Amino acid sequence: MPWQVQNGQGWEDLEDEASAVIDRVRARGEKALSYESHGHTFAVDLSRKPFAQISTETGIQRSLRLWANGKPVPVPIPGQSGVESVAEASAPGPLDTLRISIWRGADWHPLPSGESAQIKSQVERGREVVEVRTGGGLSYSVDTTGKSGWEQIAEGGRRRRLRAMHVFRADVPTPEAAPAVSSRSALPKAVAALPLVLGGPSAVEAAEASRLIDLLKREFACLREDAGAVDVAGQACAAEADLVQAWLQHAGDSASSEDKELLEKTASAAFTDADFAGKRKLEEVEWLHFRLLQVQAPSCFAAAQIKDLLKERLRKDPLALARLVELFVTCCGSEGESNAMVSPTRMRDEIQRRLEEGGLGPAEEDYWQSLETLAANHSSGTVGLGPQLSLRSGAGPRPKARASSAGSWASLSEELSQELITYYDFLSVMLNRRKLEVQLFRYDLSNGKAKWLTPFLVGHSIAGIWHTGIVVCGKEYWFGGHIFESERGTTPFGTPTQIQTLGETMRTREDLWNFIQTSLVDEFTEANYDVLTHNCNHFSNTISKFLLNESLPDEIMKQPDIFMDSWIAQVLRPTLNRGLGTFGPEQGGAEGCGGGRATGSSAKTDWQRVAVGALVSYEYVHGWPCVARVLGKAGETCDVRWLDLAARQFKVQKGVSRLLVRPLAFAKPSHWTRTMGAGGGGGAQAQGLEKKEQLRVVQFMEAQLKKLTVIGSM
């Protein structure tokens, strides 16, 4: 029976040898073991639930489960009585710390808190198929027994993948509560009404009792009241000092100076994030915008892209944010949706009413064009592009809806026609945020010779011996000992033999590189490159799963099976590993690999700069960082203390991987080596290096194929 590891994109089978080792140790009643895979050593802890796989190099911990006969297998802890349910076995850890997301619109979106609570409650009671009611009166079921993870099944039979991940990146164990700072709450009165996770997504478990938007408004009012904030020019607003003061006064006199500093930095980071326009003061509309994105956006990277697009709109129309927030809040209605989500019909009707009544001012043109696109392309019961009807009778010429905006909404409307619309969805369309095409570049390392050579070597013909790279945002991502981000088509492998479109994603370039830095930089290295079991195609497959939630075609992923047991592998494997898995700064590096950036040694340098007692940025769930203090370091891990605002107390997380923390001094991630300018250029010298590297690869493969021909003819 195979064991599976939870890798962040779903569950994956462990290698047969690793599964056998775990089974042997468990059969003896032991609770700890270690094994090696792809040049890495992993420890396995069977003494707690969920069982854990721990990298001895990075400290990253991932949940393990046993899989057989089409479902997870409940397994008791060795030496203990009691068995978990099948549903509990399918969860990657304690239910109370799980954050459940759904794959739609080409990204992972957090489920509303009420729906998550229903799932957790029923799974805890041992149900394998869970029934969920949404805030809009719809319902769906969740199958927790799927091999690749949980699935949502809608009333019409449509299936979508669900992802259950811990709200703390170490995955397991759960964080420990630190001593309370005082008998009073360490946070303002607002938090007593609404669990608040500044700097990350909020669980908002209390939102079911009342309208989320009303709670957020009350939250802002309480923050101002606690700080004694004064109005500015007749506007109710709060400065950074007000936010800090509101929190500090509740910390209590018994709080240590270190905890007060941590609280102050957390509040300052929240204010900086909310004040994206740089006004140095927040009004209620900006607070609502900030908090709704925290609750509903897939990641801080997605939220940052929304903010960048919004800043462009604000330069044309200073009232753009106020218009957008007011429209969304109005669409929520007086009775409201508890999770601040709107039905498409209600959105359409409100937009049509405004278009019929409103005039057009020059500064508002983009706003009105977006409204027209929404109304024309998301009518009730219609999916895709609808007729461009004239919906406004007011003054001014009717603007022509932009094709790009129409296409953006048409793509999203298919996802949302039977669902409620979040504030994040609404802004994505109104600000014309579009999906990005993801391509697979295939390079035939045999230069066309595989078709006639492979029948002689392995008994049947194959189209090519493939090296692959993933292309998105105009960049090509590939693995050759280091992980590279190159200008597309400028790698040492020359011109791609085939270009295949894999799909579309809403993940950003920054989100992808952050994933590489925090999850892959120690997994894909020169030391563990193997041309058959851990090569460029395995890397491309991992990136495809991240961007699209889909694997590469079997034609590519199963190609190593053809050669695995052949004499070819025995003869050429060591040579190919040296030739294809040693690209790096010393062998041409990014200069010879298409410019851009590559994983390097700076991650180690960042880790050396992380000192005990220092404040750091800690990424506790992918895409969401918080401010934390380092309590101790041991090897490649550290213990951190941070302010968990959902629980309204400080907490301690032990065994955090070095990849998940970085000094606060770095404004941007720096776990890569930039060897050229920001544009990835380098002039004639870089072009010359690229051509030399391309020639080296061609000559190298020609020599290996010639060697095969000679050996095969003997």
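The values are calculated or read from the model by the stated rules, or taken from the named source; none is laboratory data. Since we're looking at a predicted model, the values are computed, not measured. Cβ placement follows ideal geometry from the backbone for every residue including glycine, while neighbour counts extend to all protein chains displayed. Accessible surface is based on the protein model in full, side chains and every heavy atom, while ligands, DNA and RNA are left aside. Shrake-Rupley method; radii C 1.70, N 1.55, O 1.52, S 1.80 Å.
Leaving ligands, DNA and RNA out of it, rank Arg346, Arg629 by accessible area with a 1.4 Å probe, largest first.
These residues rank, largest area first, as Arg346, Arg629.
Given Lys120/Lys217; Lys147/Lys604; Lys217/Lys265; Lys435/Lys604; Lys120/Lys147; Lys435/Lys475, which pairs have Cα atoms separated by over 25 Å?
Table pairs above 25 Å Cα-Cα are Lys120/Lys217; Lys147/Lys604; Lys435/Lys604.
I need the fraction of alpha carbon pairs in the range 279-340 separated by more than 17 Å, rounded to a whole percent.
Within the range 279-340, distances greater than 17 Å cover 45 percent of Cα pairs.
For His482, enumerate residues with amide H under 5 Å from its amide H, sequence gap 5+ or separate chain, H modeled in the peptide plane.
Amide H neighbours of His482: Phe583.
Using only the heavy atoms of the protein chains and a 1.4 Å probe, how would Glu115, Glu36 rank by accessible area, largest first?
From most accessible down to least: Glu36, Glu115.
If you rank Lys316, Lys265 by how much accessible surface each has, with a 1.4 Å probe, what is the order from largest down?
Lys316, Lys265
Quick one: how many Å² of Lys311 are accessible to a 1.4 Å probe, rounded to 10?
Its heavy atoms expose roughly 80 Å² to the probe.
Place +1 on the Cβ of every Lys and Arg and -1 on the Cβ of every Asp and Glu in the range 484-572, take the dipole about the Cα centre, and give the residue among Cys536, Val571, Thr501 whose Cα lies farthest towards its positive end.
Checking the options against the dipole of the range 484-572, the answer is Thr501.
So how compact is the range 447-549: Cα radius of gyration and Dmax in angstrom?
Rg then Dmax for the range 447-549, in Å: 14.9, 46.
Rounded if a/c is under 1.5, else prolate if a/b beats b/c, else oblate: with a ≥ b ≥ c from the C-alpha gyration tensor eigenvalues square-rooted, which is the range 492-555?
Oblate shape, in that a/c is at least 1.5 and b/c is the bigger or equal ratio.
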